[in-house]
Structures are given as structure tokens and as C-alpha cells.
1. Show me the ranking of peptides 219-226, 34-41 by mean Cβ neighbours inside 10 Å, starting with the highest.
2. Checking the cross-link filter: which lysines have an alpha carbon closer than 18 Å to that of residue 18, excluding same-chain neighbours under 8 positions apart?
3. What are the extents of the Cα atoms of region 153-272 along their three principal axes, listed from largest to smallest and rounded to whole Å?
4. Which log10 I(q)/I(0) values does region 83-243 give at q = 0.10, 0.11, 0.13, 0.15 Å⁻¹ under the Debye formula, counting every alpha carbon as one identical point scatterer?
5. Quick one: helix 167-180 against the long Cα principal axis of the chain, what's the angle to the nearest 10°, folded into 0 to 90?
6. Amide H neighbours of residue 246 under 5 Å, at least 5 residues apart or on other chains, H built in the peptide plane: list them.
7. Could you tell me which of rounded, prolate or oblate describes region 212-272, using a ≥ b ≥ c as the square roots of the eigenvalues of the alpha-carbon gyration tensor, with rounded for a/c under 1.5 and, failing that, prolate when a/b is larger than b/c and oblate otherwise?
8. When only Cα pairs under 8 Å and 6 or more residues apart are kept, what is the percent relative contact order across region 168-272?
Amino acid sequence: MRIRIHHDTVYRYDTPIKSAIQILRLTPRNHEGQFVARWKVDIDGEARIVRGEDWYGNVTHSLNVDGPVTEIGIRVSGEVETEDQAGVVRGTVERFPPALFLRQTKLTTPDAALADFAASAAAGPTEVLGKLHALMNGIYDLVKFDTNATDVVTTAVEAFHTGHGVCQDFSHIFCAAARSVGIPCRYVSGYLMRTDRSDQDAAHAWVEAHVPGLGWVSFDAANAICATDLYVRIAIGLDYLEAAPVRGSYYGMSSEKLDVKLTVDGARQVQS
């Protein structure tokens with residue numbers, strides 16, 4: 001699959017701000033089944049931008065803007081070639097042992113009800129892979145996709161009990177459930193090429209869980225499938241806050257408005 005991505009993020013301020021600092025995790029890396037053919041990050045206006053890596057090996061860009069400024073625009077574009085790996089992820093940068101991803105965070109710590117759900121769903125299958133599929137299908141059945149139900153600070157427990165959420169919430173619930181039954185699990189941010197439309201409201205999120213003998217395997221509970229060649233993997237972390245595409249702060253007495261324009265399209269390549 002040849003996937004084309006155009007992702008514009010614009011921050012607007014009603015009065016000029018004095019400065020802003022942001023960390024961008026918007027650049028994919030190569031691994032088995034994913035090759036970055038071209039990729040570019042552009043910033044509108046004058047800004048200092050430095051490329052680096054975080055502790056997980058995610059590609060980052062540190063963005064510093066000196067004001068006064070009323071608008072910051074971030075433009076990402078590129079093409080990525082992907083191959084279906086049946087959900088198995090190999091050839092990635094691995095800085096830590098899988099056991100690190102047993103750690104819960106404020107966004108993923110389960111309560112008794114969520115832990116009981118996880119234990120019940122995982123009780124039937126004997127193999128780890130089967131337990132993970134049971135968790136994914138159970139979450140998919142319990143939670144309704146709803147873009148108006150949550151925000152970036154909604155916890156797994158809150159989304160689980162309301163039964164509504166977006167891909168971020170499905171992923172937090174999955175991380176909470178898997179870790180509670182002793183399976184390392186990590187949050188993944190990236191892009192999904194939908195087959196029904198190219199214009200999208202936001203990037204996508206799913207998880208990777210560690211399976212003995214296979215390694216890391218991807219699960220998208222929001223769609224009840226393992227990742228295919230329609231997915232472009234960008235960043236990992238213990239939760240959304242560690243893999244967020246853009247995260248930062250600004251200095252000044254102003255309100256902030258965010259506008260996002262995202263298109264993801266492509267075509268399957270014909271093998272001769």
C-alpha cells in the first residue's frame with residue numbers, strides 16, 4: 001500500500017502570545033512492513049525547530065516560537081509504503097524490555113470493575129494471543145465510538161463506565177485491561193487510511209501488546225482488528241500523553257483555538 005498523508009494543525013490566539021513551546025511526534029520510522037518514502041514537517045512563520053528522539057525512540061521535533069504571535073501552523077506531508085504483517089510489529093526501535101509496559105498511568109489505572117472485566121474476558125483462552133483478541137472484542141462490544149463523549153484527559157475508567165469514547169479511549173481501556181492481567185501493552189499513535197473517505201478529523205490510535213514467541217502485536221479495539229497495511233505507525237508510549245502528536249504550552253493571556261485538517265489516501269501497489 002502507498003499511503004499519502006497531509007496533516008495541517010493550526011493554533012490561533014485571540015490576543016498575541018509571548019512565546020510557545022511544543023513537542024511534535026509527527027514523523028514515522030521505518031520497520032518491517034513500513035517504509036517512509038518521503039516525509040516533511042513545515043512550520044508557518046518564524047520558529048526554532050530541532051529534530052531529536054525521546055526515550056522510546058520516537059522521532060520528535062522541539063518547536064520554540066518567540067512572540068508576539070497570533071497563529072502557529074504545523075504542516076506535515078509525506079508518503080509511506082506499507083505491507084500487511086498480520087498485526088505483528090518487528091524491526092522497531094526498542095529501548096526498554098517489555099515489562100516496562102506493565103506500568104499503569106493516571107490515564108490507564110483500572111478500578112475494580114475494569115479489572116474484573118479484563119480477568120473475565122481473559123479467563124477463557126489459554127494462550128496470550130487468544131486473551132488479547134478476547135479483550136479487544138470485549139471492549140469493542142462494550143464501548144460505543146462517540147467523538148463528543150470524551151477529551152484528552154478522560155481516563156480509561158471514565159470511558160469504560162460511560163461506554164462511550166474515541167480511539168484514544170478504546171486504547172486506554174485496552175492498556176488498562178491487558179496490564180491488569182499481566183500482559184505488557186503500549187499506546188500507539190499514527191494514521192489509518194479509511195476506505196470510505198480521505199478527509200478525517202484527527203489522527204488515529206491503537207495499542208501493541210507483547211506476545212511470547214511473536215513479540216509486539218497491534219490491536220485496534222475501536223475497529224476490532226489487528227493493524228493492517230492501512231495503518232501508519234508514528235509513536236508509542238504508556239498512554240496518550242507520551243505519544244501525543246503535538247503537546248506543549250504557551251505564555252500569554254489569551255485563549256487558544258485549534259483547527260485540524262487531515263487527509264489520508266493511497267492505493268495498493270500492483271506486483272508485477
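1. Working: 219-226: 21.9, 34-41: 14.4.
Answer by packing, highest mean first, reads 219-226, 34-41.
2. Here the lysines satisfying the reach criterion relative to residue 18 are 257.
3. The principal-axis extents, from largest down, are 55, 43, 26 Å.
4. Cα-only, vacuum Debye calculation for region 83-243: -0.31, -0.37, -0.53, -0.72.
5. Approximately 40 degrees, to the nearest ten.
6. When sequence neighbours closer than 5 places are left aside, the close amide H contacts are 25.
7. Values: a/c = 3.07, a/b = 1.63, b/c = 1.88.
It comes out oblate by the Cα gyration axes.
8. Details: 159 pairs, mean separation 34.0, N = 105.
Normalised by residue count, the contact order of region 168-272 is 32 percent.
Read the figures in this text as sums done on the coordinates, not as results from a lab. Values in this document were obtained by computation on a predicted structure and should not be read as measured data. Counting neighbours? That spans all protein chains shown, and the Cβs are built from the backbone with ideal geometry, glycine included.
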